[in-house]
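Rule-based calculations on the coordinates, nothing more; no lab input. None of these values were measured; they are calculated from a predicted model. Note: ideal-geometry Cβ built from the backbone for every residue, glycine included; neighbour counts use all protein chains shown.
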Amino acid sequence: MDLRTYQACCRETARYPDAGANPIYPTLGLCGEAGEVADKVKKVLRDGGGVFSPEQVAALRLELGDVLWYVAQLATELGLDLEEVAAANLAKLASRAARNVIGGSGDLR
């Protein structure tokens with residue numbers, strides 16, 4: 001499945017206040033779901049020495065799907081095409097790698 005198709009299919013399941021004119025809701029949802037991913041990874045470090053069981057990987061797969069859904073909703077709310085967002089990100093990273101500035105800090109390096 002390509003990202004454009006995914007974004008369109010996600011929109012069909014958007015059920016939140018003022019969907020279509022509310023970037024705040026998916027932003028908050030994205031933060032919450034990313035926190036759930038971080039919490040599951042933290043527990044793998046705490047309880048499993050950093051070794052992921054198949055069950056933990058399966059649980060993370062579901063949470064990452066939720067993160068992706070909220071990213072798609074936020075992109076849609078902002079009028080952004082997720083396919084173009086992904087392509088721009090890859091171009092940015094390739095440019096940084098070519099200039100040997102992939103590490104470091106600053107958005108505009």
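For LYS40, go through the aspartates and glutamates and keep the ones whose alpha-carbon is under 18 Å away, minus same-chain ones fewer than eight residues off.
Correct list for LYS40: GLU55, GLU63, ASP66.
Given labels modelled 7 Å from the Cα in the Cβ direction, how far is it in nm from ASP18 to GLN56?
4.1 nm
Which of the trypsin sites (Lys or Arg not before Pro) found in region 1-59 are in a DSSP loop and have at most 10 neighbouring Cβ atoms, other than their own, within 10 Å?
ARG15
Determine the calculated [θ] at 222 nm for the chain from helices alone, applying -39500 (n - 2.57) to every DSSP H run no shorter than 4 residues and normalising by the residue count; nearest 500 deg cm²/dmol.
Taken over the chain, the calculation gives -23500 deg cm²/dmol.
For the chain, what mean projected area does the convex hull of the alpha carbons give, in nm²?
Result: 9.0 nm².
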